[in-house]
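*Asks:* Right, I'll just put the structure down here and ask away after.
The values are calculated or read from the model by the stated rules, or taken from the named source; none is laboratory data. The structure presented is a predicted model; accordingly, all values stated were derived computationally and were not measured. In this analysis, Cβ positions are derived from the backbone assuming ideal geometry, glycine residues included, and neighbour counts consider all displayed protein chains.
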Amino acid sequence: MQVERQNGGYRLVGDWAGVGAANAFLGHLEARAFAPATVRAYAYDLLNFARFAIERRLALAELVPTDVFDWLDWQRPPRRRSGTVVAFGARGGAAPASVNRRVAALRAFFEHQVLAGVRASNPVPAPRRGAGLRPKARGPLGHLGPGRSRAGGRLVREIRRLPESLDPADVGAFLADLATHRDRAIVLAMVLGGLRAGEVRALRLADVDQGRHRVRVIGKGGRERVVPIDRAFFAELATYLHRERPPGITTPECFVVLRGPTAGRPITEAGLRSLFRRHRDRSGAVRVRPHRLRHTYGTELAAAGIDLLVLRDLMGHASPETTAAYVHLSADHLAAEYRAARAAIGR
């Protein structure tokens, strides 16, 4: 089983009885104008389940909730003990966030099966909040009341971590190792504008306002936002467009391949990953990754006291809870406050 790109979309290919149903679901997502990256993610999530179903010889029509929990265990195989103590997280396998994303994809797939009349019910469990008595749902929005999952139906508990920001020295070392103005502009768009890697790759020349130092971004869910970015980004961008971008190409995307047989084509996801991996190894800034650059942007603005509603719009968050995660005290600030309190107690 594998995922292949076909006619601009993504499909499962292989010997699985459910491949036709899975591809019908992926086509349904494309018809609803889901982003290509989202359809690709759903395809790989279904591929994971397909491999489990083939191994266990499970038929889609016979799947029951306990099979879903068996799938959860299958994704996190236990490791052999090396002593009397097993380190936290030593079970290995997929991370809880990845497992929950796959569960959400499988739930959506079977919901499509229910709508198509293939199944009478969805076998993927939807966890309920809390326990005990709940008020009776009333009114036209009663189905949104207590008991309904709000977060895609997380079956695996996740550790709520703070966004990982980067040390300025690491960012500086990484930038210093970049050899082209294009690469520096890409990195600065993330650390000075908070753009996601996919948003940088999709950025078009027509979306760049060099006079006002702003860019127009189409983010997750097709949400549009206008982001002001520091002059340093536009200085690198202007030099890239003037000196490095191949002349005569009509590619609407801003950032393109500079040389080789694919010169002039938009930079790909694999190409961007390769760029970061190569310069991490050479610069020694091993923690620098696209999303950590974005986290650094959000953390620094929050620490500077920016209004959370403004930060939410700048970063293109759908939920205010996501933005609120950037509001936390730094370790240095906590240590300083602790030392001051201890000194006051000792007097």
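*Asks:* Got at least one residue in the stretch 328-337 being surrounded by 12 or more Cβ atoms within 10 Å (Cβ to Cβ) and among the polar types (S, T, N, Q)?
*Replies:* no
*Asks:* Given the stretch 240-347, what helices (runs of 4 or more DSSP H) lie entirely inside it while holding 1 or more residues that are of a type in the set (S, T, N, Q)?
*Replies:* Helices (runs of 4 or more DSSP H) meeting the threshold: 269-283, 290-303, 320-324.
*Asks:* So which of Glu321, Glu253 is closer than 18 Å to Ile186 by Cα and among the charged types (D, E, K, R)?
*Replies:* Details: Glu321 fails: closer than 18 Å to Ile186 by Cα.
From the options Glu321, Glu253, the qualifying one is Glu253.
*Asks:* Under 8 Å by Cβ, and 6 or more places apart or on different chains, what pairs join a residue from the stretch 294-313 that is free of Cβ contacts under 8 Å to residues at least 24 places away in the same chain with one that is not in a helix (DSSP H, G or I)?
*Replies:* Leu308/Val327; Leu311/Tyr326
*Asks:* Mind checking which helices (runs of 4 or more DSSP H) fall wholly inside the stretch 15-81 and carry at least 1 residues that are closer than 18 Å to Leu155 by Cα and at pLDDT 90 or above?
*Replies:* Numbers: elements: 19-31, 36-56, 65-75.
Counting at least 1 such residues, we get 36-56, 65-75.
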